[in-house]
Amino acid sequence: MRHPRTAATVVSVLAALVAGCGGSASTEPGGFTYESTLTVYSDLPLQGPQGQLMTSINDGEILALEQAHARGQDRNVSIALLNDAGASGWSTKTTSLAARAASQDLGAIAYIGDFDSGATAVSLPLINENYILQVSPASPYVGFTDTSPVDQTGEPKRYYPSGPRTFARLMPSDAQEALATTRFMKTLGVKRIYLLRDDAAISNPYDSVIAPLVGSYAARSAIAVAGSAQIDTARLTTPGDYAKLAATISASGADAVLTGAAPDAGNATYVTSPILPLAQYPSSAQRVLVAYRHAFASPPTAYSLYGYEAMSSVLAAIQEAHRSTTNRRLDVVRDYFHLGLRDSVIGSYSIDANGETSLSRFAGYRVGTAGQLIELRLLSGG
(Lines give C-alpha, C1' and ligand atoms only; values in the text may rest on other atoms or scores of the structure.)
Protein backbone atom coordinates (compact mmCIF):
# COMPACT_ATOMS: atom_id res chain seq x y z
CA MET A 1 0.00 0.00 0.00
CA ARG A 2 1.20 3.51 -0.77
CA HIS A 3 0.88 6.55 1.50
CA PRO A 4 -0.77 9.64 -0.01
CA ARG A 5 2.14 12.04 -1.00
CA THR A 6 2.93 35.69 8.01
CA ALA A 7 5.18 38.50 6.83
CA ALA A 8 5.87 37.37 3.28
CA THR A 9 3.94 39.10 0.53
CA VAL A 10 0.96 36.94 -0.45
CA VAL A 11 -0.68 38.01 -3.69
CA SER A 12 -4.42 37.56 -4.23
CA VAL A 13 -5.03 35.93 -7.60
CA LEU A 14 -8.82 35.64 -7.71
CA ALA A 15 -9.09 38.26 -10.45
CA ALA A 16 -6.28 36.63 -12.39
CA LEU A 17 -8.09 33.29 -12.30
CA VAL A 18 -11.26 34.87 -13.70
CA ALA A 19 -9.29 36.70 -16.39
CA GLY A 20 -7.24 33.64 -17.22
CA CYS A 21 -9.96 31.64 -18.91
CA GLY A 22 -8.63 32.31 -22.40
CA GLY A 23 -5.60 30.90 -24.15
CA SER A 24 -2.04 31.84 -23.29
CA ALA A 25 0.45 33.21 -25.77
CA SER A 26 3.93 31.72 -25.71
CA THR A 27 6.44 34.36 -24.74
CA GLU A 28 9.96 34.40 -23.40
CA PRO A 29 10.11 37.89 -21.92
CA GLY A 30 13.39 39.75 -22.06
CA GLY A 31 12.16 43.06 -20.70
CA PHE A 32 11.82 42.40 -16.98
CA THR A 33 14.59 43.03 -14.49
CA TYR A 34 15.44 41.17 -11.33
CA GLU A 35 14.85 44.41 -9.43
CA SER A 36 11.16 44.43 -10.47
CA THR A 37 8.57 42.45 -8.53
CA LEU A 38 8.76 38.75 -9.36
CA THR A 39 6.11 36.24 -8.35
CA VAL A 40 6.50 32.61 -7.37
CA TYR A 41 3.14 30.90 -7.83
CA SER A 42 2.19 27.94 -5.65
CA ASP A 43 -0.69 25.70 -6.72
CA LEU A 44 -1.77 22.93 -4.35
CA PRO A 45 -5.02 21.13 -3.39
CA LEU A 46 -5.82 23.25 -0.32
CA GLN A 47 -9.31 21.76 0.05
CA GLY A 48 -10.41 18.17 0.20
CA PRO A 49 -8.82 15.22 1.99
CA GLN A 50 -5.24 16.54 1.75
CA GLY A 51 -6.04 20.17 2.58
CA GLN A 52 -4.32 20.37 5.95
CA LEU A 53 -1.11 18.75 4.71
CA MET A 54 -1.06 20.96 1.62
CA THR A 55 -1.49 24.06 3.79
CA SER A 56 1.61 22.98 5.70
CA ILE A 57 3.50 22.92 2.37
CA ASN A 58 2.31 26.47 1.67
CA ASP A 59 3.40 27.56 5.12
CA GLY A 60 6.84 26.02 4.54
CA GLU A 61 7.13 28.04 1.33
CA ILE A 62 6.12 31.23 3.12
CA LEU A 63 8.61 30.57 5.93
CA ALA A 64 11.49 30.12 3.47
CA LEU A 65 10.60 33.38 1.71
CA GLU A 66 10.21 35.25 5.01
CA GLN A 67 13.61 34.07 6.16
CA ALA A 68 15.20 35.16 2.87
CA HIS A 69 13.60 38.60 3.24
CA ALA A 70 14.89 38.82 6.81
CA ARG A 71 18.42 38.17 5.48
CA GLY A 72 17.97 41.01 3.00
CA GLN A 73 17.63 38.64 0.04
CA ASP A 74 14.96 38.36 -2.66
CA ARG A 75 12.90 41.23 -1.25
CA ASN A 76 11.39 41.78 -4.69
CA VAL A 77 10.03 38.19 -4.76
CA SER A 78 6.44 37.59 -3.65
CA ILE A 79 4.35 34.44 -3.44
CA ALA A 80 0.88 33.89 -4.91
CA LEU A 81 -1.08 31.03 -3.38
CA LEU A 82 -3.43 29.12 -5.69
CA ASN A 83 -5.81 26.26 -4.94
CA ASP A 84 -6.42 23.54 -7.54
CA ALA A 85 -9.04 21.63 -5.52
CA GLY A 86 -12.62 21.58 -4.36
CA ALA A 87 -14.11 19.57 -1.51
CA SER A 88 -13.40 16.25 -3.25
CA GLY A 89 -9.84 17.06 -4.34
CA TRP A 90 -8.09 18.61 -7.33
CA SER A 91 -9.94 19.15 -10.59
CA THR A 92 -8.79 19.56 -14.19
CA LYS A 93 -10.69 22.84 -14.65
CA THR A 94 -9.35 24.50 -11.50
CA THR A 95 -5.81 23.33 -12.18
CA SER A 96 -5.98 24.64 -15.74
CA LEU A 97 -7.28 28.03 -14.60
CA ALA A 98 -4.54 28.33 -11.98
CA ALA A 99 -1.77 27.33 -14.38
CA ARG A 100 -3.01 29.76 -17.05
CA ALA A 101 -3.14 32.59 -14.51
CA ALA A 102 0.49 31.93 -13.61
CA SER A 103 1.63 31.40 -17.19
CA GLN A 104 0.09 34.67 -18.41
CA ASP A 105 1.68 36.79 -15.68
CA LEU A 106 4.81 38.37 -17.15
CA GLY A 107 6.12 38.76 -13.60
CA ALA A 108 5.88 35.02 -12.90
CA ILE A 109 9.34 33.60 -12.32
CA ALA A 110 8.50 30.10 -10.99
CA TYR A 111 5.60 27.78 -10.19
CA ILE A 112 5.60 25.40 -7.22
CA GLY A 113 3.16 22.55 -7.85
CA ASP A 114 1.20 20.64 -8.47
CA PHE A 115 1.15 17.90 -5.84
CA ASP A 116 -0.86 15.21 -7.62
CA SER A 117 0.54 13.73 -10.83
CA GLY A 118 -2.78 14.11 -12.65
CA ALA A 119 -2.83 17.83 -11.85
CA THR A 120 0.77 18.25 -13.00
CA ALA A 121 -0.14 16.59 -16.31
CA VAL A 122 -2.60 19.47 -16.79
CA SER A 123 -0.41 22.34 -15.55
CA LEU A 124 2.99 21.36 -16.94
CA PRO A 125 2.36 22.04 -20.66
CA LEU A 126 0.75 25.39 -19.79
CA ILE A 127 3.61 26.47 -17.55
CA ASN A 128 6.26 25.13 -19.93
CA GLU A 129 4.94 26.98 -22.98
CA ASN A 130 6.04 30.25 -21.35
CA TYR A 131 9.39 28.86 -20.13
CA ILE A 132 8.55 29.04 -16.42
CA LEU A 133 10.40 26.85 -13.93
CA GLN A 134 8.04 24.32 -12.29
CA VAL A 135 9.05 22.54 -9.08
CA SER A 136 6.70 19.93 -7.64
CA PRO A 137 6.98 18.76 -4.04
CA ALA A 138 5.71 15.35 -5.28
CA SER A 139 4.02 14.41 -8.62
CA PRO A 140 5.87 11.07 -8.83
CA TYR A 141 4.56 9.95 -12.24
CA VAL A 142 7.62 8.68 -14.10
CA GLY A 143 6.35 9.90 -17.50
CA PHE A 144 7.15 13.53 -16.64
CA THR A 145 10.87 12.77 -16.68
CA ASP A 146 11.22 9.49 -18.60
CA THR A 147 9.24 7.02 -20.67
CA SER A 148 6.36 5.38 -18.80
CA PRO A 149 5.35 1.70 -18.60
CA VAL A 150 1.71 2.67 -19.21
CA ASP A 151 0.46 3.65 -22.63
CA GLN A 152 0.91 7.42 -22.76
CA THR A 153 2.11 8.24 -26.27
CA GLY A 154 4.88 10.77 -26.64
CA GLU A 155 6.07 10.95 -23.05
CA PRO A 156 7.78 12.89 -21.69
CA LYS A 157 8.08 15.17 -24.77
CA ARG A 158 4.37 15.99 -24.93
CA TYR A 159 4.56 17.81 -21.58
CA TYR A 160 7.15 20.27 -22.94
CA PRO A 161 5.59 22.13 -25.92
CA SER A 162 8.24 24.87 -25.79
CA GLY A 163 11.02 22.28 -26.05
CA PRO A 164 13.28 22.77 -22.99
CA ARG A 165 12.74 20.77 -19.82
CA THR A 166 11.37 23.09 -17.14
CA PHE A 167 10.06 20.60 -14.52
CA ALA A 168 11.71 19.08 -11.45
CA ARG A 169 10.32 17.12 -8.49
CA LEU A 170 11.57 16.80 -4.94
CA MET A 171 10.07 13.42 -3.98
CA PRO A 172 11.29 10.27 -5.77
CA SER A 173 9.39 8.88 -8.74
CA ASP A 174 6.96 5.97 -8.90
CA ALA A 175 9.77 3.86 -10.35
CA GLN A 176 11.87 4.43 -7.25
CA GLU A 177 8.93 3.76 -4.96
CA ALA A 178 8.17 0.52 -6.79
CA LEU A 179 11.73 -0.64 -6.23
CA ALA A 180 11.59 0.33 -2.54
CA THR A 181 8.25 -1.47 -2.18
CA THR A 182 9.70 -4.61 -3.74
CA ARG A 183 12.66 -4.51 -1.35
CA PHE A 184 10.27 -4.02 1.57
CA MET A 185 8.28 -7.08 0.50
CA LYS A 186 11.51 -9.03 0.32
CA THR A 187 12.41 -8.15 3.92
CA LEU A 188 8.92 -9.19 5.01
CA GLY A 189 9.42 -12.62 3.45
CA VAL A 190 6.89 -12.22 0.63
CA LYS A 191 7.19 -14.99 -1.97
CA ARG A 192 4.08 -14.49 -4.11
CA ILE A 193 2.29 -11.17 -4.67
CA TYR A 194 -1.20 -10.46 -6.01
CA LEU A 195 -1.63 -7.07 -7.72
CA LEU A 196 -4.92 -5.19 -7.27
CA ARG A 197 -5.73 -2.05 -9.25
CA ASP A 198 -8.83 0.03 -8.66
CA ASP A 199 -10.83 0.98 -11.76
CA ALA A 200 -10.67 4.61 -10.63
CA ALA A 201 -6.87 4.46 -10.78
CA ILE A 202 -6.90 2.60 -14.10
CA SER A 203 -8.91 5.42 -15.67
CA ASN A 204 -6.20 7.78 -14.40
CA PRO A 205 -2.89 6.32 -15.65
CA TYR A 206 -0.93 8.78 -13.51
CA ASP A 207 -2.06 6.83 -10.44
CA SER A 208 -1.99 3.31 -11.87
CA VAL A 209 1.64 3.00 -12.93
CA ILE A 210 2.88 1.64 -9.59
CA ALA A 211 1.34 -1.85 -10.00
CA PRO A 212 3.06 -2.80 -13.30
CA LEU A 213 6.32 -1.36 -11.99
CA VAL A 214 6.14 -3.46 -8.82
CA GLY A 215 5.25 -6.49 -10.92
CA SER A 216 8.34 -5.93 -13.04
CA TYR A 217 10.69 -5.46 -10.09
CA ALA A 218 9.14 -8.38 -8.18
CA ALA A 219 9.94 -10.78 -11.02
CA ARG A 220 13.58 -9.71 -10.88
CA SER A 221 13.65 -10.17 -7.10
CA ALA A 222 12.43 -13.77 -7.04
CA ILE A 223 8.94 -12.68 -5.95
CA ALA A 224 6.36 -14.36 -8.17
CA VAL A 225 3.32 -12.43 -9.39
CA ALA A 226 0.55 -14.87 -8.45
CA GLY A 227 -2.16 -12.91 -10.23
CA SER A 228 -3.67 -9.49 -10.82
CA ALA A 229 -7.14 -7.99 -11.01
CA GLN A 230 -8.93 -4.78 -11.79
CA ILE A 231 -11.55 -3.96 -9.19
CA ASP A 232 -14.10 -1.23 -8.63
CA THR A 233 -14.07 -0.52 -4.91
CA ALA A 234 -17.30 1.46 -5.27
CA ARG A 235 -19.05 -1.79 -6.19
CA LEU A 236 -17.61 -3.84 -3.36
CA THR A 237 -20.53 -3.07 -1.08
CA THR A 238 -21.31 -6.31 0.75
CA PRO A 239 -19.32 -8.84 2.79
CA GLY A 240 -20.03 -11.33 0.00
CA ASP A 241 -18.25 -9.10 -2.56
CA TYR A 242 -15.13 -9.02 -0.43
CA ALA A 243 -15.36 -12.74 0.32
CA LYS A 244 -15.44 -13.50 -3.39
CA LEU A 245 -12.36 -11.35 -4.02
CA ALA A 246 -10.57 -12.91 -1.04
CA ALA A 247 -11.31 -16.38 -2.38
CA THR A 248 -9.81 -15.49 -5.75
CA ILE A 249 -6.66 -14.17 -4.12
CA SER A 250 -6.40 -17.17 -1.81
CA ALA A 251 -6.73 -19.59 -4.71
CA SER A 252 -3.78 -17.90 -6.45
CA GLY A 253 -1.43 -18.94 -3.64
CA ALA A 254 -0.39 -15.33 -2.98
CA ASP A 255 0.95 -14.53 0.47
CA ALA A 256 0.60 -10.72 0.01
CA VAL A 257 -1.55 -8.25 -1.92
CA LEU A 258 -0.41 -4.94 -3.38
CA THR A 259 -3.04 -2.21 -3.51
CA GLY A 260 -2.92 1.56 -3.87
CA ALA A 261 -5.23 2.13 -0.91
CA ALA A 262 -6.57 0.01 1.89
CA PRO A 263 -9.49 1.37 3.91
CA ASP A 264 -10.03 -0.32 7.27
CA ALA A 265 -6.45 -1.57 7.13
CA GLY A 266 -5.43 -3.92 9.87
CA ASN A 267 -2.05 -4.58 11.43
CA ALA A 268 -1.11 -6.97 8.64
CA THR A 269 -0.99 -3.95 6.31
CA TYR A 270 2.32 -2.36 5.34
CA VAL A 271 2.96 0.98 3.67
CA THR A 272 5.85 2.56 1.80
CA SER A 273 6.14 6.34 1.67
CA PRO A 274 8.74 8.97 0.71
CA ILE A 275 7.49 10.93 3.74
CA LEU A 276 9.82 9.98 6.58
CA PRO A 277 9.32 10.36 10.33
CA LEU A 278 10.39 13.89 11.32
CA ALA A 279 13.36 12.60 13.31
CA GLN A 280 14.86 11.11 10.12
CA TYR A 281 15.38 14.52 8.53
CA PRO A 282 18.71 16.37 9.01
CA SER A 283 19.56 18.84 11.79
CA SER A 284 18.81 21.79 9.51
CA ALA A 285 15.26 20.46 9.23
CA GLN A 286 14.88 20.37 12.99
CA ARG A 287 15.75 24.09 13.17
CA VAL A 288 13.18 24.86 10.46
CA LEU A 289 10.54 22.85 12.32
CA VAL A 290 11.15 24.97 15.44
CA ALA A 291 10.89 28.17 13.37
CA TYR A 292 7.68 26.87 11.79
CA ARG A 293 6.05 26.28 15.19
CA HIS A 294 7.01 29.80 16.26
CA ALA A 295 5.77 31.43 13.00
CA PHE A 296 2.47 29.60 12.64
CA ALA A 297 1.62 28.51 16.19
CA SER A 298 0.79 25.06 14.84
CA PRO A 299 2.66 21.78 14.57
CA PRO A 300 4.62 21.30 11.32
CA THR A 301 4.54 18.16 9.22
CA ALA A 302 7.19 16.55 7.08
CA TYR A 303 5.33 18.07 4.13
CA SER A 304 6.27 21.51 5.48
CA LEU A 305 9.91 20.69 4.77
CA TYR A 306 9.19 20.00 1.09
CA GLY A 307 7.46 23.37 0.76
CA TYR A 308 10.40 25.04 2.48
CA GLU A 309 12.92 23.39 0.16
CA ALA A 310 10.84 24.04 -2.95
CA MET A 311 10.92 27.78 -2.24
CA SER A 312 14.54 27.75 -1.04
CA SER A 313 15.76 26.02 -4.19
CA VAL A 314 13.75 28.36 -6.43
CA LEU A 315 15.24 31.39 -4.66
CA ALA A 316 18.74 29.93 -5.08
CA ALA A 317 18.15 29.65 -8.83
CA ILE A 318 16.83 33.22 -9.03
CA GLN A 319 19.94 34.47 -7.22
CA GLU A 320 22.20 32.60 -9.65
CA ALA A 321 20.26 33.86 -12.70
CA HIS A 322 20.49 37.43 -11.40
CA ARG A 323 24.11 37.41 -12.56
CA SER A 324 22.91 37.02 -16.15
CA THR A 325 22.40 40.07 -18.36
CA THR A 326 19.70 38.51 -20.55
CA ASN A 327 16.81 38.63 -18.04
CA ARG A 328 15.18 35.44 -19.30
CA ARG A 329 13.07 32.90 -17.46
CA LEU A 330 15.17 30.20 -19.08
CA ASP A 331 18.18 31.52 -17.15
CA VAL A 332 16.33 30.61 -13.94
CA VAL A 333 15.48 27.18 -15.36
CA ARG A 334 19.09 26.61 -16.45
CA ASP A 335 20.49 27.65 -13.09
CA TYR A 336 17.98 25.52 -11.19
CA PHE A 337 19.16 22.45 -13.07
CA HIS A 338 22.77 23.41 -12.29
CA LEU A 339 22.44 24.06 -8.56
CA GLY A 340 24.39 20.86 -7.93
CA LEU A 341 24.32 19.03 -4.61
CA ARG A 342 22.06 20.74 -2.09
CA ASP A 343 22.42 20.05 1.62
CA SER A 344 18.81 20.79 2.35
CA VAL A 345 16.15 20.21 4.99
CA ILE A 346 14.90 17.16 3.05
CA GLY A 347 18.41 15.70 2.76
CA SER A 348 21.34 16.03 0.37
CA TYR A 349 20.23 15.75 -3.23
CA SER A 350 20.68 17.02 -6.77
CA ILE A 351 18.37 17.34 -9.78
CA ASP A 352 19.40 15.66 -13.03
CA ALA A 353 18.91 16.99 -16.55
CA ASN A 354 15.49 15.31 -16.79
CA GLY A 355 14.21 16.92 -13.58
CA GLU A 356 14.57 13.80 -11.42
CA THR A 357 15.71 14.06 -7.81
CA SER A 358 18.56 11.93 -6.50
CA LEU A 359 16.65 11.40 -3.25
CA SER A 360 15.65 7.76 -2.98
CA ARG A 361 14.84 7.15 0.69
CA PHE A 362 11.48 5.74 1.72
CA ALA A 363 10.06 4.62 5.03
CA GLY A 364 8.48 1.21 5.48
CA TYR A 365 5.57 1.33 7.92
CA ARG A 366 3.14 -1.10 9.48
CA VAL A 367 -0.43 0.11 10.04
CA GLY A 368 -1.31 -0.14 13.72
CA THR A 369 -4.65 -1.22 15.17
CA ALA A 370 -5.72 2.42 15.55
CA GLY A 371 -4.71 3.23 11.97
CA GLN A 372 -1.43 4.88 12.96
CA LEU A 373 1.76 4.30 10.97
CA ILE A 374 4.51 2.47 12.85
CA GLU A 375 7.95 2.85 11.30
CA LEU A 376 9.72 -0.44 10.68
CA ARG A 377 12.72 0.48 8.55
CA LEU A 378 14.17 2.90 6.03
CA LEU A 379 14.26 1.72 2.44
CA SER A 380 16.09 2.76 -0.71
CA GLY A 381 14.58 3.10 -4.16
CA GLY A 382 17.92 3.92 -5.75
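Given the peptides 68-79, 91-102, arrange them by the average over their residues of other C-beta atoms within 10 Å, most packed first.
91-102, 68-79
Holding the Cα-Cα limit at 32 Å, pick out from Lys191/Lys244; Lys93/Lys157; Lys157/Lys186 the pairs that are longer than that.
Flagged as over cut-off: Lys157/Lys186.
In debye, nearest 20, what is the charge dipole magnitude of segment 150-193 about its Cα centre with +1 on Lys and Arg Cβ and -1 on Asp and Glu Cβ, if you could check?
180 debye
Taking all protein chains as present, what is the carbon and sulfur share of the accessible area of segment 253-382, in % to the nearest whole number, probe 1.4 Å?
The C+S portion of the solvent-accessible surface of segment 253-382 is 52 percent.
What does the net charge come to around Thr95 if you take all other residues with beta carbon closer than 11 Å to its beta carbon, with K and R at +1 and D and E at -1?
-2
Using just the Cα positions, wrap segment 225-366 in a convex hull and report its mean projected area in square nanometres, one decimal place.
13.4 nm²
Between Thr238 and Thr369, how high is the FRET efficiency from 1/(1 + (r/R0)^6) when r is the Cβ-Cβ distance and R₀ = 35 Å? Nearest 0.05.
0.90
Have a look at Thr92, Leu53, Gly154 and report the one farthest towards the positive end of the charge dipole of segment 53-197, computed about the Cα centre with Cβ charges (Lys/Arg +1, Asp/Glu -1).
Final value for the positive-end residue is Gly154.
Specify, per residue and in Å³, the volume enclosed by the convex hull of the alpha carbon atoms belonging to segment 38-102.
With only Cα atoms used, segment 38-102 gives 54 Å³ per residue.
May I ask for the distance between the Cα centers of segment 107-176 and segment 281-314, given as a whole number of Å?
If you average the Cα positions of each part, the centres end up 24 Å apart.
Taking the simple approach of a point 7 Å from Cα along Cα-to-Cβ for both Ala219 and His322, what is their distance in nm?
About 5.3 nm separates the two model spin labels.
Contour minus end-to-end for Ser284 and Thr248, with contour as 0.36 nm per residue of separation and end-to-end as the Cα-Cα distance?
Separation in residues times 0.36 nm, less the Cα-Cα distance, equals 8.0 nm.
If I ignore ligands, DNA and RNA and count only protein heavy atoms, how much of Ser228 is accessible to a 1.4 Å probe, in Å² to the nearest 10?
80 Å²
Might you report the magnitude of the Cβ-based charge dipole of segment 290-382 about its Cα centre, with Lys and Arg at +1 and Asp and Glu at -1, to the nearest 20 debye?
The dipole of segment 290-382 has a size of about 140 debye.
Nothing charged except the Cβ atoms of Lys and Arg (+1) and of Asp and Glu (-1): what's the magnitude of the dipole of segment 84-179 about its Cα centre? Round to the nearest 20 debye.
So the dipole magnitude of segment 84-179 works out to roughly 240 debye.
Please state, rounded to one decimal and in Å, the Kirkwood hydrodynamic radius that segment 145-192 gives when every pair of distinct Cα atoms enters the mean of 1/r.
13.3 Å
How would you classify segment 286-382 from its alpha-carbon gyration tensor, with a ≥ b ≥ c the square roots of the eigenvalues: rounded for a/c under 1.5, else prolate if a/b is greater than b/c, otherwise oblate?
It is oblate, given that a/c is not under 1.5 and a/b is not larger than b/c.
If you take the beta carbon distance between Arg377 and Arg192 as r and set R0 to 22 Å, what does 1/(1 + (r/R0)^6) give as a FRET efficiency, to the nearest 0.05?
0.50
The values are calculated or read from the model by the stated rules, or taken from the named source; none is laboratory data. On a predicted model such as this, the values are computed, not experimentally measured, just so you know. So basically every Cβ, Gly included, is an ideal-geometry build from the backbone, and we count neighbours across all protein chains shown. When the accessible area is computed, the model is the full protein with side chains, heavy atoms only, and any ligands, DNA or RNA have been set aside. Shrake-Rupley method; radii C 1.70, N 1.55, O 1.52, S 1.80 Å.
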